[in-house]
Amino acid sequence: MESIEDIGKMAVIGAGVMGHGIAEIYALNGYSVSLMDVDEEILEKNMALLKSELKTLVANEFTTREASESALKRVSTSTSLEEAVDGCNYVTEAVVEKLDVKRKVFKKLEAAVTEDAILASNTSGLMISKIAEGLKKPDRVVGTHFSVPPHIVPGVEIIRGNETSDLTFQIAYDLIKKIGKMPFVVKKEIDGFILNRLQSALVREAFYLVENGIAELEDVDICLNSVLGFRWATIGPFKQIDSAGVDSWYNVGSYLFPSLSNSKEVPKPMTEKVERGELGMKKGKGFYDYSKFRIEDVIAERDDGFLKTLKLMRKIWKTD
Ligand SMILES: NC(=O)c1ccc[n+]([C@@H]2O[C@H](COP(=O)([O-])OP(=O)(O)OC[C@H]3O[C@@H](n4cnc5c(N)ncnc54)[C@H](O)[C@@H]3O)[C@@H](O)[C@H]2O)c1
């Protein structure tokens, strides 16, 4: 493959929260996508979700009914990896965030795809070179890290592994631009990349505040929605420091940085939720309770908010 023009059929491996949405955005952009999962039930459930997400896109005028119907026709499903990748030269892996599982999937992919196929991982933060370790052609592996919901969130992190070739990187980058997303680049591998290092630092502090009785989690959410998230949608933290005054930040940082949480553990309430199977929207309960609602309606309400914000943000970023 020499450029994105050579990309033909695609496959997405793993049809969970991320995989079905990645298939959706590629299909909306004209690609035929084969969506694969080992779990038939997840494939069925998330194809239903994909259909209802397309309706929300239509309702918000992000696509037309005709285009959404064509996109849906371009997505096929399979429980066989070999069948899914047959004839594909661009594959995105979105299976569970476990290095051993991802490595096994990539080994299988390597054996099943054509010589020139590109293999992208949606890993949240595992190093690309570790995922590609032991492959014959690790230079064709790259990270394209979408954020939930991938069919809407504009930013996509592109990660260059130690062995990713310039061509692989460029094709992945150009593809992400072509589908209307905003790529940002991780030049050098590090666990968690840019996005999840920033997000996890903030979430660690959020848990610290809640666990120590300093705030209710709802108030932490309001703080982020109404102040930080609101501001960061327009200006990032560096411009925000400029806007507030670097000296002011310096004065606050002098006494505050030493008191921030530096815990090295996954927050206990998160561990407890996992043990109880309260995994969030996909299970009807997480830190909030969604059990009285249909998953399609919960997601539609979430997406409706995101799409209204995105419409406005595109004007501000001048990308509309
Ligand atoms: N959920 C998020 O917000 C988010 C955001 C960005 C990146 N990610 C990353 O995307 C990837 C997928 O996350 P998710 O949230 O969609 O997880 P998920 O648990 O919703 O989906 C993972 C899917 O992979 C399937 N699977 C497991 N082993 C498989 C195999 N060998 N072959 C094919 N399918 C297999 C599972 O059946 C499941 O449906 C992870 O690497 C995750 O870290 C997640």
(request) Run through the DSSP bridge list for region 98-206 and note the antiparallel percent, rounded to the nearest 5. (result) 25 percent
(request) State which entries of K102/K130; K181/K315; K178/K318; K104/K130; K108/K137; K108/K136 exceed 19 angstrom in Cα-Cα distance in the structure shown. (result) none
(request) Compute the projected area of the convex hull of the Cα atoms of the chain, averaged over all viewing directions, and report it in nm² to one decimal place. (result) 17.4 nm²
(message) For a quick check of understanding: with a 1.4 angstrom probe and all protein chains in place, what accessible area in square angstrom does L198 have, to the nearest ten?
(response) 120 Å²
(request) Kindly list the residues of region 5-19 that lie in the label zone of A111, defined by a backbone N under 19 Å from the point 7 Å along the Cα-to-C-beta vector. (result) 13-14
(request) For D303, D139, write out the residues from largest to smallest accessible area, computed with a 1.4 angstrom probe and no ligands counted. (result) D139, D303
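Would you list K9, K45 from the most to the least accessible area, probe 1.4 Å?
Values: K9 70, K45 105 Å².
Final ranking, largest accessible area leading: K45, K9.
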(request) Heads up, I need the accessible area for D320: 1.4 angstrom probe, whole protein in place, Å², nearest 10. (result) 120 Å²
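Report the gain in length on full extension from K264 to A215: 0.36 nm times residue separation, minus Cα-Cα distance, nm rounded to one decimal.
Contour length minus Cα-Cα distance gives 15.5 nm.
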(request) At 7 Å along the Cα-to-beta-carbon direction for both T271 and Q170, put a label point, then send me their distance in nm to one decimal. (result) 4.8 nm
(request) Would you tell me the accessible area of S32, worked out with a 1.4 angstrom probe on the heavy atoms of the protein chains, in Å² to the nearest 10? (result) 50 Å²
(message) Accessible area of the chain with a 1.4 Å probe: how many percent of it is carbon plus sulfur?
(response) 56 percent
(request) Just tell me which lysines come within less than 18 Å, Cα to Cα, of K73; anything on the same chain fewer than 8 places away is out. (result) K9, K45, K51, K55
(request) Compute the distance in nm between two label points, each set 7 Å from the Cα along the Cα-to-Cβ direction, one at E5 and one at E205. (result) 4.8 nm
(request) May I ask you to give the solvent-accessible area per residue for region 196-317, in square angstrom, as obtained with a 1.4 angstrom probe? (result) 74 Å²
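How much of the DSSP beta bridge set in the chain is antiparallel, as a percent to the nearest 5?
On the way: 5 of 30 bridges.
Approximately 15 percent, going by the DSSP bridge assignments.
Please figure out what share of the DSSP beta bridges in region 4-186 is antiparallel and state it in percent, rounded to the nearest 5.
The answer is about 10 percent antiparallel.
The values are calculated or read from the model by the stated rules, or taken from the named source; none is laboratory data. These figures come from a predicted structure and were not determined experimentally. Every residue, glycine among them, receives a Cβ derived from its backbone with ideal geometry; neighbour counts consider all protein chains shown. Only protein heavy atoms, including side chains, enter the accessible area calculation; ligands, DNA and RNA are left aside. Shrake-Rupley method; radii C 1.70, N 1.55, O 1.52, S 1.80 Å.
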